[in-house]
Amino acid sequence: MVINMYKNCKQCSKQYQPQIIVPVYLPMKEKEQKSVDAGHSPWKLDPIFVTQVFASLLISPEGIVGDYPIPYDTITIISNDGKEAVAQINSEKATAQKVYLKRLIRQDDTGIWTVVGYDPVE
């Protein structure tokens, strides 16, 4: 099931409303969580790394070869309550300026971060 995390969301805060919604396929995220639980892809526990991969794939949707086009140190988490986070990207190459993430499967330190939306560079 593909879900839109913001459809009819009355409790969503104004700071957490992306301009572009990224659809999420929950069964895939459940499998990714199990994979991380088994020790694979631990980077999915880091909202900056998840943002880096997402923003880099926006630039190179065919895949990333070599270094990421968006450096890790150009991303700052500007909001994080442990369940939702907002990352700010400060790179001239970026096509997204903010990325919105949620822990959809497990809302604790062992839960993976999922991109649910972003604001394009204006």
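Only the coordinates and a few stated rules stand behind these numbers; no lab work does. Quick caveat, the model's predicted, so the values are computed rather than measured. Quick reminder, even Gly has a Cβ in these numbers, built from the backbone with ideal geometry, and neighbours come from all protein chains shown.
With n ≥ 4 as the cut-off for DSSP H runs, can you work out [θ] at 222 nm for the chain, using -39500 (n - 2.57) per run divided by the number of residues, rounded to the nearest 500?
-6500 deg cm²/dmol
Which of the pairs Lys34/Lys98; Lys44/Lys93; Lys34/Lys93; Lys44/Lys98 have their Cα atoms more than 26 Å apart in this structure? Can you show the working numbers first?
Numbers: Lys34/Lys98 28 Å; Lys44/Lys93 23 Å; Lys34/Lys93 33 Å; Lys44/Lys98 18 Å.
Too far apart for the 26 Å limit: Lys34/Lys98; Lys34/Lys93.
If amide H atoms are built 1.01 Å from N in the plane of the peptide, which residues on other chains or at least 5 residues away come under 5 Å of the amide H of Arg106?
Ile112
Restricting to Cα pairs below 8 Å that are 6+ residues apart, what does the relative contact order work out to for the chain? Please round to a whole percent.
That works out to 27 percent.
Starting from the Cα gyration tensor of region 24-70, take the square roots of the eigenvalues, sort them a ≥ b ≥ c, and report rounded, prolate or oblate (rounded when a/c is under 1.5, otherwise prolate if a/b is larger than b/c, else oblate). Walk me through the numbers on the way to the answer.
On the way: a/c = 2.24, a/b = 1.70, b/c = 1.32.
Note, shape of region 24-70 comes out prolate.
By count of other Cβ within 10 Å, fewest leading, how are Tyr68, Tyr100, Tyr25 ordered?
Tyr25, Tyr68, Tyr100
Enumerate the whole-percent occupancy of each 10 Å bin, from 0 to the last occupied one, for all C-alpha pair distances of the chain.
Values per bin, smallest distances first: 14, 45, 36, 5, 0.
State, to one decimal in nm, how far the label point of Met28 lies from the label point of Asp67, with both points 7 Å from Cα in the Cβ direction.
2.9
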